[in-house]
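This report refers to the structure that appears directly beneath it.
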Ligand SMILES: Nc1ncnc2c1ncn2[C@@H]1O[C@H](COP(=O)(O)OP(=O)(O)OP(=O)(O)O)[C@@H](O)[C@H]1O
């Protein structure tokens, strides 16, 4: 079997010792195109941040082959648009691993950025300040940055949120192109019709893993209702549970977060939800 593009080994991620993604195991095949779906607050963005490494694991690990080049687009709400940058500056950021932030750009770099802007339909927007772009135009510029990055693994967090249908179609075409080039792409998506039409693989998350595999095998009513019932079970104010037997290390010492498991995950598990 070829080495996967990335793998999760009993991965638990969270904030202030509150787990938000629990005990995730599995591998993402090289060159696969996967939709990550789940209700609000189910841990999708948290998983993305864990893969990129901006959020270190509370337990377990994300395994990436040495030298993997990652590109990550956070949700638009996390992007600082007030920064005084032009579209071309934003796109050139995709070159920073090769050139450094103050690096001199080569003729090839200029050509690469121009080609990326053409590919996203933003030729002529080079000098535009990013705070003057529409949501769809900003998303196109961010996709141009991803194009320039030339990454092996591409992570996109809700790239179609509040975007007009023409732009959604253009961005989907770019995602299809990356998939055709053998890159591994993971995309957080809310629109299940869109997932069915464009994503061969789906991972359903509800803090724990609900289902993961071929989209037609995974996007089933029973899995979706299991994921939705997580939503109903979740309460920020719920009391926490004690450590669980199966998560005690071989040396008998509980994992850091297990002593304070959140109630929602356990309530859901008791109901056969997770
Ligand atoms: N910086 C943070 N500090 C504390 N808790 C956080 C932080 N970010 C997210 N959380 C919590 O972690 C849980 C998972 O959030 P996450 O953003 O990963 O969900 P999501 O599935 O991406 O949701 P949505 O579909 O609404 O974007 C939520 O309960 C959220 O409140």
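Rule-based calculations on the coordinates, nothing more; no lab input. Computed from a predicted structure; not experimentally measured.
Before anything else, pin down the relative contact order of the range 156-232: Cα pairs under 8 Å, at least 6 apart, normalised by residue count, whole percent.
Relative contact order comes out at 22 percent.
Considering Cα pairs under 8 angstrom that are at least six residues apart, work out the relative contact order of the range 1-134 and quote it in whole percent.
Result for the range 1-134 is 23 percent.
Please report the spacing between the Cα centers of the range 111-143 and the range 19-83 in Å, no decimals.
Taking the Cα centre of the range 19-83 as reference, the centre of the range 111-143 is 25 Å away.
For the range 77-229, what class follows from the C-alpha gyration tensor (a ≥ b ≥ c being the square roots of its eigenvalues): rounded when a/c is under 1.5, otherwise prolate if a/b is larger than b/c, else oblate?
Since a/c reaches 1.5 and a/b is larger than b/c, the shape of the range 77-229 is classed as prolate.
Full extension from residue 89 to residue 9: what is 0.36 nm times the residue separation minus their Cα-Cα distance, to one decimal in nm?
This chain segment gains 25.1 nm when fully extended.
Can you tell me how much longer the chain between residue 16 and residue 29 gets when fully stretched, taken as 0.36 nm per residue apart minus their C-alpha distance, in nm with one decimal?
1.5 nm
Using only the Cα atoms, what convex hull volume per residue in Å³ does the range 120-199 have?
Dividing the Cα hull volume of the range 120-199 by its residue count gives 95 Å³.
I need the semi-axes of the equivalent ellipsoid of the range 80-151: take the C-alpha gyration tensor, multiply each eigenvalue by 5, square-root it, list largest first in whole angstrom. Provide the component values of the computation, followed by the final result.
Details: eigenvalues 68, 36, 22 Å².
Each semi-axis is the square root of five times an eigenvalue, giving 18, 13, 10 Å.
So what is the relative contact order for the range 80-151, in percent, with contacts set as C-alpha pairs under 8 Å and at least six apart?
52
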